Amino acid sequence: MTKPNRFYVYAYLDPRKLGTYDFGGLRFDYEPFYIGKGCYHRDKEHLRTVKKGTAKYNSHKTNRIKSIINNGFDPIII
């Protein structure tokens, strides 16, 4: 018997950049700026650490999330 896979892939999208973004067989309605792999609540951890002020790594991702928040939005996470 195989165990179910607890990992998943997620994307952070910039809600300020509407458009059609195609990557292979994937299509996004907003510009993706980060793709990650995680389990449990990892997808929301980046947003939480930026809002809390404890983000330490990947300054491009952190700066983009801060910019989105400063413009009155939250990134779209799928």
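Of the accessible area of the chain, computed with a 1.4 Å probe over protein heavy atoms only, carbon and sulfur atoms account for 53 percent. For the chain, the Kirkwood hydrodynamic radius comes to 13.5 Å, computed from all pairs of different C-alpha atoms.
Rolling a 1.4 angstrom probe over the protein heavy atoms with all chains in place gives the chain an accessible area of 74 Å² per residue.
Using C-alpha pairs under 8 Å with a sequence gap of at least 6, the mean separation divided by the residue count of the chain gives a relative contact order of 35 percent. Eigen-decomposition of the gyration tensor built on the alpha-carbon atoms of the stretch 1-45 gives equivalent ellipsoid semi-axes of 26, 14, 6 angstrom, largest listed first. Quick one: of 3/66; 3/56; 17/52, which pairs are farther than 30 Å apart, Cα to Cα? Pairs exceeding the cut-off: 3/66; 3/56. Rounded to the nearest 20, the Cβ-based charge dipole of the chain about its Cα centre (Lys and Arg +1, Asp and Glu -1) stands at 420 debye.
The values are calculated or read from the model by the stated rules, or taken from the named source; none is laboratory data. Predicted model, so just to flag it, every value in this text is computed and none were measured. Neighbour counts run over all protein chains shown; Cβ positions are idealised from the backbone, glycine included. Just the protein is used for accessible areas: all its heavy atoms, side chains included, with ligands, DNA and RNA removed. Shrake-Rupley method; radii C 1.70, N 1.55, O 1.52, S 1.80 Å.
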